[in-house]
Amino acid sequence: MVIEVVAGVIYKEDKFLIAQRNFKKSQGGLWEFPGGKLEPNESAEDALKREIKEEFDADIEVGNYIGESIHHYPEKDIKLMFYKAKLVGEKLTLLEHESCAWITKENKDDFEFAGADKIVFDWL
C-alpha cells in the first residue's frame, strides 16, 4: 500500500521553508518540505493546510501543484505530492520539528534531505 503525503514548498521572496524532522521519528534529523499524510476523504490542499497548522501553528494559501514522486523507503512506500504555498502572516512556531530554515535552491546542499524530498529541486 502506498501512503499519500503532501508537502508544501512555502515561498517567501526567493527563499523557501524547510524543516528538520523530529529526531525521535522515522528519518529523524533529515530535512524536508513540511506537510504530512492525507486523511480519508481529504483533498491534498486541505491536508497541507491542516498539517502546517498542526506543525507550525501557521496558516497558508495553497498555490499550484508542482509534481509528485513515489519513494520506496525500507519500511513503507509513499506518494509525495508537492504544492507551492505562501504563509499568511509571519508567525511560525515549531510544534513537531527540531528546526526550520529559509533557504535558496543554491544552498540546498548544506542540508541533508529525506529521500522523497530531493526530487523537488529538479522542478524548482
Starting from segment 20-31, keep only residues that are among the charged types (D, E, K, R), then list their pairs with residues that are open to solvent by 40 Å² or more (accessible area, probe 1.4 Å) whose Cβ atoms are within a distance under 8 Å, requiring at least 6 positions of separation or different chains. Arg21/Gln27; Arg21/Glu98
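Which ones in segment 78-106 are part of a helix (DSSP H, G or I) and surrounded by 11 or more Cβ atoms within 10 Å (Cβ to Cβ)?
Filtering segment 78-106 down to residues part of a helix (DSSP H, G or I) leaves 105-106.
Scanning segment 78-106 gives a single hit, Lys105.
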Can you say whether Lys53 is closer than 21 Å to Lys91 by Cβ and open to solvent by 60 Å² or more (accessible area, probe 1.4 Å), as far as the supplied structure shows? yes
Only one of Glu75, Glu61, Glu68 is open to solvent by 60 Å² or more (accessible area, probe 1.4 Å), within 18 Å of Trp31 (Cα to Cα) and outside any helix (DSSP H, G or I), namely Glu68
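Does Ile10 fit the bill of being among the β-branched types (Val, Ile, Thr), assigned to a strand (DSSP E or B) and modelled with pLDDT under 95?
Details: among the β-branched types (Val, Ile, Thr): yes; assigned to a strand (DSSP E or B): yes; modelled with pLDDT under 95: no.
No, not satisfied.
The values are calculated or read from the model by the stated rules, or taken from the named source; none is laboratory data. Bear in mind the structure is a predicted one, so any value in this text is a computation, not a measurement. When we count neighbours, we look across all protein chains shown, and the Cβ atoms used for this are built from the backbone with ideal geometry, even at glycine. Remember, those area values only see protein heavy atoms, side chains included, never the ligands or the DNA or RNA. Shrake-Rupley method; radii C 1.70, N 1.55, O 1.52, S 1.80 Å.
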